[in-house]
Ligand code: HEC
């Protein structure tokens, strides 16, 4: 009886601890997401404009500045510096983060998707 009084709270404590938050996403999963959801419109590297600008050198690039792509005024005037934080917000809800963007994409809604994709983009878009 006394033992139970000691053990039960201890068990509850272990069971109810929040799961550790994964630091950084899974780049391999991110590559699959890019292929399925982004690659119709974007190249990850190089100079080729498909339906949208390539993502070459994306990190630290300012939004709307790829020469040779006709961006929306919204994307140009947003002047966002793309990094982990701004990309996460944009990719989860493009039109929420850049109202009137012409990127026809509803956003990554499942938990962890944006993080996985960004882990992939970090290396894949490097010059
Ligand atoms: C159907 C085509 C399409 C799809 C799919 C798409 N995009 Fe885009 N994307 C665009 C267009 C068009 C723009 C330019 C938007 C503007 O000018 O408002 C854009 C802009 C961007 C920008 C800003 C680029 C810059 O130079 O500032 C990023 C970053 C981006 N997209 C990433 C992604 C990622 C990552 C995915 C996949 C989750 C994706 N896009 C899916 C068409 C698309």
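Here, each number is a calculation from the coordinates, and none is a lab measurement. Given the structure is predicted, the values throughout are model-derived calculations rather than measurements. Heads up, the Cβs are rebuilt from the backbone with ideal geometry, glycines too, and the neighbour counts pull from every protein chain shown.
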### Query
Just from its helices, what would the mean residue ellipticity at 222 nm be for the chain, if runs of 4 or more DSSP H residues each count -39500 (n - 2.57) and the sum is divided by every residue, rounded to the nearest 500 deg cm²/dmol?
-13000 deg cm²/dmol
### Message
In Å, what Kirkwood hydrodynamic radius results for segment 70-127 from the alpha-carbon pair distances?
### Response
12.0 Å
### Task
First measure r as the distance between the Cβ atoms of residue 35 and residue 79, then evaluate 1/(1 + (r/R0)^6) with R0 = 35 Å and state the FRET efficiency to the nearest 0.05.
0.75
### Query
Which ordering of 117, 58, 87 is given by a fewest-first count of other beta-carbon atoms within 10 Å?
87, 58, 117
#### Entry: More than 24 angstrom apart: percent of Cα pairs within segment 25-124
11 percent
